[in-house]
Amino acid sequence: MRPGHCGRDSPRRIRLVKNGPMLVEGPVEVELEDGTVVTSDRFVVAICRCHRSGRYPWCDTSHRRRSG
Amino acid sequence: MTERASAHTPRLPQPRGPVSAAVIEALHRPCPGAALAATAAARDDPFGEDGPLGEDPQLSLYVCYELHYRGFRGVDPGWEWDPELLRLRGVLERSFHQELLRGVAGGDDLEGELSTLLVEPKTPGGVSHFLATEGNWPQMREYFTHRSLYQLKEADPQAWVIPRLTGQAKASLVAVEYDEFGGGRGERVHAELFADLMAAAGLDAGYGHYLDNAPATTLAPVNLMSYLGLHRGRRGALVGHFAAAEISNPPNSKRMVHALERLGAAEACRHFYLEHVDADAVHEQVMRHEVLGGLLAAEPQLKQDAVFGIQATELLERRFADHLLRAWLSGGTSLRVPLSG
Ligand code: FES
Ligand SMILES: [Fe+2]
Ligand SMILES: [Fe+2]
């Protein structure tokens with residue numbers, strides 16, 4: 001499965017990665033909690049769902065499991 | 001408009017033993033030349049005591065491969081397809097491959113390999129960790145120098161695999177490559193971002209400029225990519241390698257950003273690694289699910305090769321890191337020829 005192709009007739013598909021980010025076809029604009037708007041024109045954008053990213057709202061792989 | 005340093009054609013390097021001497025000597029002449037490969041390849045022990053990962057064979061391979069990228073200043077482009085030189089390259093490649101097989105665990109547990117890579121060690125070792133915690137600026141510049149051999153042709157070796165893929169695997173790999181190549185903007189090509197980093201660190205951003213400085217441990221990971229990329233039969237391993245690299249990049253790049261902040265480096269230096277945190281957090285997902293997943297759905301028999309590509313990448317990266325850390329912890333330089341000035 002791939003993040004959906006953005007055509008006029010087809011809905012934009014968003015893929016949720018288990019224990020990971022949300023993949024959205026770019027470009028995207030994200031309005032943050034405080035009203036700031038950030039943009040990314042990458043072909044696919046990984047949006048952080050774990051709230052641990054140092055690059056929030058983008059995923060920076062901080063969601064990964066840590067070994068003991 | 002002046003030509004960007006990254007567009008320079010490199011000079012032929014200094015030889016490091018009998019095989020590289022024969023190759024480099026031949027390249028100074030027009031193609032086809034004398035029976036160069038016959039002499040070098042027919043030696044009983046073409047690799048010296050250091051084996052296939054030693055200085056002489058790794059530089060020889062690097063030079064042979066470079067003919068497929070940008071070539072060397074003043075060298076006849078016909079050498080790229082010279083049968084004698086290709087025969088020698090084949091001898092070097094087979095022993096390189098055998099040596100890698102000896103060093104990896106093998107098997108076909110792809111999920112296991114990937115999940116190991118996806119776990120962050122609590123106490124990270126490695127070069128980026130060292131640089132983030134105790135490395136100094138000269139060591140950072142050495143690191144850039146080593147990496148320039150790959151980073152100034154970043155994503156080029158992986159582009160060889162495109163015609164060997166089909167369907168979703170092809171579409172998604174090309175999407176990742178499009179991002180590596182700046183999404184249609186020349187100044188955003190990752191190799192150009194690295195050239196900006198080099199210039200900002202006071203280093204020469206010329207393509208291949210530091211070849212003589214780079215030891216075999218630095219050349220081997222680059223040779224692996226060229227080897228896997230240039231052989232259609234190694235497409236599974238190339239894709240495994242590419243996925244492994246993308247998975248390892250974000251945490252390493254985060255530590256590099258910390259290191260560069262700690263050392264007060266220029267913005268262009270930070271920018272290269274920040275871009276690799278953001279980009280590769282996406283690339284690793286696309287490479288794993290769509291490229292690797294897509295390729296193995298179409299050609300399940302390539303699973304073992306994909307595992308080999310991952311393991312060989314890890315093996316050579318570990319050797320590279322061990323070499324740098326050993327040199328730095330003993331207070332020396334990690335380069336074969338130290339930087340002047
Ligand atoms: S989901 Fe990846 S860092 Fe939060
Ligand atoms: Fe990149
Ligand atoms: Fe990448």
Inset, instruction - Could you check residue B:233 against (1) within 16 Å of ligand 3 (Cβ to nearest atom); (2) under 30 Å from residue B:113 (Cα atoms); (3) surrounded by fewer than 24 Cβ atoms within 10 Å (Cβ to Cβ) and say which number it fails? - result: (1)
Inset, instruction - Starting from residues that are assigned to a loop (DSSP other than H, G, I, E, B) and surrounded by fewer than 15 Cβ atoms within 10 Å (Cβ to Cβ), keep the ones in segment B:93-107 and report whichever is farthest from the other protein chains (Cβ to nearest Cβ). - result: B:106
Inset, instruction - Scan (1) within 25 Å of residue B:131 (Cα to Cα); (2) within 16 Å of ligand 3 (Cβ to nearest atom); (3) among the acidic types (Asp, Glu) for the single condition residue B:290 breaks and write down its number. - result: (1)
Legend entry - Check on residue B:206, surrounded by fewer than 23 Cβ atoms within 10 Å (Cβ to Cβ) and either within 14 Å of chain A (Cβ to nearest Cβ) or outside any helix (DSSP H, G or I) (or both): yes
Legend entry - segment B:223-252, residues that are without any contact (Cβ under 8 Å) to a residue 60 or more places away in the chain and within 16 Å of ligand 2 (Cβ to nearest atom): B:249, B:250
Inset, instruction - Have a look at B:145, B:116, B:166, B:123 and point out the one that is among the hydroxyl-bearing types (Ser, Thr, Tyr), exposed (fewer than 15 other Cβ atoms within 10 Å of the Cβ), more than 15 Å from ligand 2 (Cβ to nearest atom) and away from chain A (no Cβ under 12 Å). - result: B:166
Inset, instruction - Can you confirm whether segment B:218-238 contains a residue that is assigned to a helix (DSSP H, G or I) and farther than 30 Å from residue B:301 by Cβ? - result: yes
Legend entry - Tabulated pairs, segment B:121-138, first at pLDDT 95 or above, second among the charged types (D, E, K, R), C-beta under 8 angstrom, 6+ apart or interchain: B:128/B:255; B:129/B:255; B:131/B:255; B:132/B:255; B:132/B:262
Legend entry - Breaking point among (1) within 11 Å of the chain's Cα centre (by Cα); (2) away from ligand 3 (no atom under 16 Å from the Cβ), for residue A:40: (2)
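The values are calculated or read from the model by the stated rules, or taken from the named source; none is laboratory data. Every value quoted in this text rests on a predicted model; they were computed, and no experiment measured them. Cβ coordinates were reconstructed from backbone atoms using ideal geometry, including for glycine residues, and neighbour counts include every protein chain displayed.
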